There are 2 protein chains.
Amino acid sequence: MPRFFIAASNIFGGTAYLSAQDVEHMRVLRIRRGEIFTVCDSNGTDYTCRINENDPTGTTVQIISSAPSAGEPSVRCTVYAAFSKGDKMDTVVQKCVELGAYDIVAFPSARCVSRPDGGALLKKLNRWQRIAEEAAKQSGRGIISKVSSANSFAEAVNRASSADIPLFLYENEHQNGLRQAISDGTAHTVSVMTGPEGGFDDDEAAFAISAGMRPVSLGTRILRCETAPVAALAAVMCLTGNLGG
Amino acid sequence: MPRFFIAASNIFGGTAYLSAQDVEHMRVLRIRRGEIFTVCDSNGTDYTCRINENDPTGTTVQIISSAPSAGEPSVRCTVYAAFSKGDKMDTVVQKCVELGAYDIVAFPSARCVSRPDGGALLKKLNRWQRIAEEAAKQSGRGIISKVSSANSFAEAVNRASSADIPLFLYENEHQNGLRQAISDGTAHTVSVMTGPEGGFDDDEAAFAISAGMRPVSLGTRILRCETAPVAALAAVMCLTGNLGG
């Protein structure tokens, strides 16, 4: 079923108010009067809607029913991924939104080759946010994951460490696994922090651990920097019952 | 540490015999006399080696020690992925090899848009096998996952259903999850079978189930055809203790 995200403030009195862009999108999708489609308030609620017969502009649509978005996981997992070369972050954003990431934060790390800032960063963030929106529509999410950046590794750690379960994926960690970390407690919020090509350096690991992050291993195979966040998120979703029970 | 895969038959008498291509590769990597590197027999054993001082050709290397490849998971999981458009299978092959897939099998399915055969398929299989080899080296695998194709959906199902735990990822399955399926028994071999864009059709699902495949859900979000096998494999590896304990 076609899916549109609109601001919650544009839904009231049994009616959803679409933007001109959404109306154009509906025209492209050839949605006709009488057909039903989903409008999501970007806040976890889905509205089943029908084009309002009495509105020739097509901007107001009639709400038939509403329900919590089925696509939202029970756990809020934010993915912190170090800046990477080329279009790898495009892949990370797309896959992590599909898999249910709440937010995605890109950050600089000691071994990052790419460190966009200023206008270049803004352009990248806009691009990633568009990818997140497309992935949210395609996968049936109830929110559009926000993509942002941290100015420094320390800032990223400070944000990540506030989660109930703050996971620091570290290749030199050989004792603790992700399964144990997740099973240790009730997770409302989880952070998954992954490094750049070449991994985190020891000082970064020491800082993250001192700030309360839990170092965990993703196993003996060396995962590419764009594979690690996707694999870790899939594992978190699986272990918390959000990847098909 | 640099890593080379050679045939097990080229390792005997405390010596590993490299191909001219490997020697050239060592030259490119600037591996000098005295330096150590890893030679893997492509069969799950790693050999720590040093260039043989007495061989000016560089084709024979001295074995210092051997050990089971740390990168091999305890479970043999074969990924069956339906043919997909463009270069999506490239991504599937690369990520699944990193995550520890034993084999990867591409197969035709009712809703596949792409159905390569003859020379086109051979070219694709060669390409995927090269990607698998690169990924095996990069991630530290003990084997190079074999990439092959099945001639029909039925053939793919027949091969997949012989695993201890044969999983059929089906979007219309809403009861059974992957966690339960994996926890049900000891898994030496697992199959993970995922569909094309648009998913499996009902007849295919009925056939797969009648052949003994276990239909499982990957949750309420609709995953892209190239995301599903990667997420499912990450989950299988996590649940069997092969993604960092």
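Just so you know, all these numbers are worked out from the coordinates, no wet-lab data involved. Everything numeric here is computed off the predicted structure, so don't read it as measured data. Neighbour counts are summed over all protein chains in view; Cβ atoms, including those assigned to glycine, are modelled from backbone coordinates with ideal geometry.
Would the range A:117-206 count as rounded, prolate or oblate if I go by the C-alpha gyration tensor, calling it rounded below 1.5 in a/c and otherwise prolate when a/b exceeds b/c, oblate otherwise? Please list the in-between numbers first.
Values: a/c = 2.19, a/b = 1.30, b/c = 1.69.
In terms of gyration-tensor shape, oblate.
Over 21 Å between Cα atoms, which of A:Lys88/B:Lys88; B:Lys85/B:Lys123; B:Lys88/B:Lys123; A:Lys123/B:Lys88; A:Lys124/A:Lys146; B:Lys124/B:Lys146 qualify? Pairs exceeding 21 Å: A:Lys123/B:Lys88.
Considering every residue in B:221-230, what mean count of other chain Cβ atoms within 10 Å of its Cβ is obtained? Present the calculation step by step, with values, prior to reporting the outcome.
Values: counts 20, 6, 7, 6, 0, 3, 10, 1, 0, 6.
Per residue, the average neighbour count from other chains is 6.
Taken along the Cα-to-beta-carbon direction at a fixed 7 Å, the label points for B:Arg30 and A:Lys123 span 3.3 nm. Using only side-chain charges placed at the Cβ, +1 for Lys and Arg and -1 for Asp and Glu, the dipole size of chain A relative to its Cα centre rounds to 580 debye. Using the Cβ-Cβ distance between B:Thr189 and A:Ala8 with R0 set to 51 Å, the FRET efficiency works out to roughly 0.60. Taking packing as the residue-averaged number of other Cβ atoms within 10 angstrom, the listed peptides A:98-107, B:93-102 run from highest to lowest as B:93-102, A:98-107. Peptide A:176-182 has a mean shielding of 3, counted as Cβ atoms of other protein chains within 10 Å of each residue's Cβ.
When a/c is below 1.5 the answer is rounded, else prolate if a/b is larger than b/c, else oblate, so apply that to the range B:76-239 with a ≥ b ≥ c taken from the square roots of the Cα gyration tensor eigenvalues. Since a/c reaches 1.5 but b/c is at least a/b, the shape of the range B:76-239 is classed as oblate. The other copies place their B:Asn43 label points at 6.4 nm from this one, listed shortest first, where each point is 7 Å from Cα along Cα→Cβ.
Pick from B:Glu171, B:Glu155, B:Glu226: which is most flexible by mean-square fluctuation in a GNM of chain B where alpha carbon atoms under 10 Å apart are linked? Result for chain B, Cα springs under 10 Å: B:Glu155 fluctuates most. Between B:Asp41, B:Asp202, B:Asp164, the GNM of chain B built on Cα springs shorter than 10 angstrom shows B:Asp202 fluctuating the most. Across the identical copies, the label point of B:Ala206 (7 Å from Cα in the Cβ direction) is separated from its matches by 6.6 nm, in order from shortest.
Using a Gaussian network for chain B with springs between C-alpha atoms less than 10 Å apart, which of these wobbles most: B:Met89, B:Met193, B:Met26? The residue with the greatest mean-square fluctuation here is B:Met26.
Label zone (A:Met1, point 7 Å along Cα-to-C-beta; backbone nitrogen cut-off 16 Å) within the range A:45-67: A:45-52, A:61-67.
Shielding of A:207-220 by partners, i.e. mean partner chain Cβ atoms within 10 Å per residue? All intermediate terms of the calculation are to be shown ahead of the outcome.
Details: counts 0, 0, 0, 0, 0, 0, 0, 0, 0, 3, 3, 7, 13, 14.
For this peptide, the per-residue mean of nearby foreign Cβ atoms is 3.
With an 8 Å cut-off on Cα pairs and a minimum separation of 6 or more residues, tell me the relative contact order of the range A:3-68 in percent. Show your work: numbers first, answer last.
Values: 110 pairs, mean separation 23.7, N = 66.
36 percent.
Quick check on the range B:1-84: take the gyration tensor over C-alpha atoms, sort the square-rooted eigenvalues as a ≥ b ≥ c, and tell me if it's rounded (a/c under 1.5), prolate or oblate. Prolate shape, in that a/c is at least 1.5 and a/b is the bigger ratio. Scanning chain A for the Cβ atom closest to the axis that brings A onto B yields residue and whole-Å distance A:Ala234, 2. Comment: the Cα-to-Cβ extended label point of B:Ser66, at 7 Å, lies 6.8 nm from its counterparts in the other copies, nearest first.
Helix-only mean residue ellipticity at 222 nm, chain B, DSSP H runs n ≥ 4 weighted -39,500 (n - 2.57), per residue, nearest 500. What is it? Each step should come with its number before you reach the end.
Numbers: 7 runs with 77 residues, N = 245.
So the calculated ellipticity at 222 nm is -9500 deg cm²/dmol.
How high is the relative contact order of chain A, given as a whole-number percent (alpha carbon pairs under 8 Å, six or more residues apart)? Computed value for chain A: 20 percent relative contact order.
With 10 Å bins beginning at zero, the pair-distance distribution over Cα atoms of the protein assembly as shown amounts to 4, 18, 26, 26, 17, 6, 2, 1, 0, 0 %.
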